[in-house]
Amino acid sequence: MLARHAAGGVTALIIDEAQSLPHELIEEVRLLANVETATEKLLPVVLAGQPELAERLEHEDLRQLKQRVALRCDLHPLDIRETAAYIAGRLKIAGGDCANIFTREAVQTIYDRSRGIPRTISVICDNALVTGFAAGVRPVGSNVVLEVCRDFRLSPAKEAAAPGVLFSAQDAVAPQPTNGNGTGTAPSVKPPSAAASEARLQPAGHVRDGHIFSSYTKPKRFRFF
């Protein structure tokens, strides 16, 4: 490491699934992170893992390692647009045309059952493609995705039902003007249009307009603390 550092290179240790490391091995990682010159560290260490990693770092035996953490971030589940972009990106890398492989409803179902977790999204898509190929179905629809989710015991996320609003002030029709003999008609209220009712009843995360595989430029969903 000293020779590499002298040549201008950087050596780093990246550990995935770090939440599974035993305490003894994590302690050895901490000791490796202490290797340094008189001015800087020689071996930056990156620990990546599931949310259980944060719980592990709260353990009393790992307090010295926790004190050495210089940067910490949480990655949140993807939303529906990010899920669609993730699927489209993976398919594009593999040389596929995303618009002709999964239907819009299939992507919505993948999002609902995966809860936006990338690893689960990949598992559902992989098995849905295999099932669709075996059945000669193209593009893969939501029925194929639901079959895969049943096999993997992936139930839809439970979301609290939002209070419904059937009428709003904007739905009221202004009173009709009086006719020639001075009589008027009573103000009437029209029921909400089908489009307005559908918009109110859409589940959270549902995309109504626009192509589901359109590009998405929302900032990365992580926070530092």
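The values are calculated or read from the model by the stated rules, or taken from the named source; none is laboratory data. Keep in mind the model is a prediction, meaning the values are calculated, not measured. Backbone-built Cβ (ideal geometry, glycine too); neighbour counts: all protein chains shown.
Go through the stretch 138-154 and report how many residues are more than 15 Å from residue 96 (Cβ to Cβ) and not in a helix (DSSP H, G or I).
Result for the stretch 138-154: 4.
For the stretch 15-40, which residues satisfy the criterion of being closer than 14 Å to residue 69 by Cα and surrounded by fewer than 14 Cβ atoms within 10 Å (Cβ to Cβ)?
Within the stretch 15-40, 31, 32, 34 qualify.
Out of the helices (runs of 4 or more DSSP H) lying entirely within the stretch 70-135, which hold 2 or more residues that are small (Gly, Ala, Ser) and over 18 Å from residue 153 (Cα atoms)?
Correct list: 80-93, 118-135.
For every residue, the table says whether it meets (1) within 25 Å of residue 128 (Cα to Cα); (2) in contact with a Lys or Arg (Cβ under 6 Å, 6 or more places away or on another chain); (3) of a type in the set (S, T, N, Q).
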{"position": "1", "(1), (2), (3)": "no, no, no"}
{"position": "21", "(1), (2), (3)": "no, no, no"}
{"position": "28", "(1), (2), (3)": "no, no, no"}
{"position": "31", "(1), (2), (3)": "no, no, no"}
{"position": "38", "(1), (2), (3)": "no, no, no"}
{"position": "46", "(1), (2), (3)": "no, no, no"}
{"position": "55", "(1), (2), (3)": "no, no, no"}
{"position": "91", "(1), (2), (3)": "yes, no, no"}
{"position": "100", "(1), (2), (3)": "yes, no, yes"}
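Just the residues that are touching a helix residue (DSSP H, G or I) at 6+ places or on another chain (Cβ under 7 Å) and outside any strand (DSSP E or B), please, taken from the stretch 1-36.
Of everything in the stretch 1-36, those that are touching a helix residue (DSSP H, G or I) at 6+ places or on another chain (Cβ under 7 Å) and outside any strand (DSSP E or B) turn out to be 11, 18, 19, 23, 26, 30.
Could you tell me which of the residues 151, 112 is modelled with pLDDT of 90 or more and within 14 Å of the chain's Cα centre (by Cα)?
Sole residue among the options that is modelled with pLDDT of 90 or more and within 14 Å of the chain's Cα centre (by Cα): 112.
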